[in-house]
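The values are calculated or read from the model by the stated rules, or taken from the named source; none is laboratory data. Nothing here was measured: the structure is a model prediction, and the numbers come from that model. In this analysis, Cβ positions are derived from the backbone assuming ideal geometry, glycine residues included, and neighbour counts consider all displayed protein chains. What goes into the accessible areas is simple: the full protein's heavy atoms, side chains included, and nothing from ligands, DNA or RNA. Shrake-Rupley method; radii C 1.70, N 1.55, O 1.52, S 1.80 Å.
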Amino acid sequence: DAEITQSPRHKITETGRQVTLACHQTWNHNNMFWYRQDLGHGLRLIHYSYGVQDTNKGEVSDGYSVSRSNTEDLPLTLESAASSQTSVYFCASSDTGLSTDTQYFGPGTRLTVL
Amino acid sequence: KNQVEQSPQSLIILEGKNCTLQCNYTVSPFSNLRWYKQDTGRGPVSLTIMTFSENTKSNGRYTATLDADTKQSSLHITASQLSDSASYICVVNTGFQKLVFGTGTRLLVSP
């Protein structure tokens, strides 16, 4: 069955380190998204991609970067981790750009920055 | 500023009882509204989607309503089960896959 996976599921790192969170989908979806989820906030969009070599900034993109070299993967990189980036990160994908298209979410990565 | 507000923040009900969750939104432009279910430690899963012209949409024991005039939506759960314990998130799509998320209602179904 097609799916979307994230790794690692849990990560502890130190302030200042570079961290990369992986997202892989087997649906062959064009669109991929990264969100963060914090207490008291709804999910917030970090970066998104509408296809290979396409990346766009979302609402809370400072300190994060992504690259899209193939259809299946959209890794999220924290260039220099900060305690404010402690959060749960979700990757999602959707097939078309239609507003009625469903976004399918991965299981999440819990990141702790000490 | 686009906002989606949900109430209550949390709710405890007995197994077998019904409940209704509320969502108010101030989002423009409006394309559609979804309710997602998020189990603890998992990603959100879509339950229902309603466009501007739809008033009601059902998915099994879940029934969502939409009043586009008052910008309100509700999710009614009938005959609750223990597996309904989760967070329920109201999400408005402003177009081109741009989503505005509510903070969710945490539901606990008690035996």
For a quick check of your reading of the model, give me the residue pairs whose first member lies in the stretch A:1-24 and is closer than 15 Å to A:Ser84 by Cα, whose second is among the hydroxyl-bearing types (Ser, Thr, Tyr) and open to solvent by less than 90 Å² (accessible area, probe 1.4 Å), with beta-carbon atoms closer than 6 Å and at least 6 apart or on different chains.
A:Ile12/A:Thr112; A:Gly16/A:Ser80; A:Val19/A:Thr13
Can you find a residue in the stretch B:74-83 that is surrounded by 16 or more Cβ atoms within 10 Å (Cβ to Cβ), within 14 Å of chain A (Cβ to nearest Cβ), of a type outside the set (Asp, Glu) and over 18 Å from A:Phe105 (Cβ atoms)?
no
From the options A:Thr96, A:Thr112, residue that is more than 14 Å from the chain's Cα centre (by Cα) and assigned to a loop (DSSP other than H, G, I, E, B):
A:Thr96
Counting only residues in the stretch A:26-50 that are among the aliphatic types (A, V, I, L, M) and within 10 Å of chain B (Cβ to nearest Cβ), the one farthest from the chain's Cα centre (by Cα) is identified as A:Leu39
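Results for (1) within 26 Å of A:Ile4 (Cβ to Cβ); (2) among the polar types (S, T, N, Q), shown as yes or no for each residue.
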{"position": "B:Ile12", "(1), (2)": "no, no"}
{"position": "B:Asn32", "(1), (2)": "yes, yes"}
{"position": "B:Gly41", "(1), (2)": "yes, no"}
{"position": "B:Leu82", "(1), (2)": "no, no"}
Within the stretch A:18-36, does at least one residue satisfy the condition of being of a type in the set (Phe, Trp, Tyr) and farther than 18 Å from A:Val88 by Cβ?
yes
I'd like the full set of residues that are open to solvent by 10 Å² or more (accessible area, probe 1.4 Å) and of a type outside the set (D, E, K, R), limited to the stretch B:55-65.
B:Asn55, B:Thr56, B:Ser58, B:Asn59, B:Gly60, B:Tyr62, B:Thr63, B:Thr65
Being more than 8 Å from chain A (Cβ to nearest Cβ) and open to solvent by less than 60 Å² (accessible area, probe 1.4 Å) is the filter; apply it to the stretch B:40-54 and report the residue that is modelled with the lowest pLDDT.
B:Glu54
Check on B:Leu99, part of a strand (DSSP E or B), among the hydrophobic types (A, V, I, L, M, F, W, C) and either within 14 Å of another protein chain (Cβ to nearest Cβ) or open to solvent by less than 40 Å² (accessible area, probe 1.4 Å) (or both)
yes
Can you spot a residue in the stretch B:65-74 that is touching a Leu at 6+ places or on another chain (Cβ under 6 Å), under 18 Å from B:Val109 (Cα atoms) and either of a type in the set (D, E, K, R) or in a strand (DSSP E or B) (or both)?
no
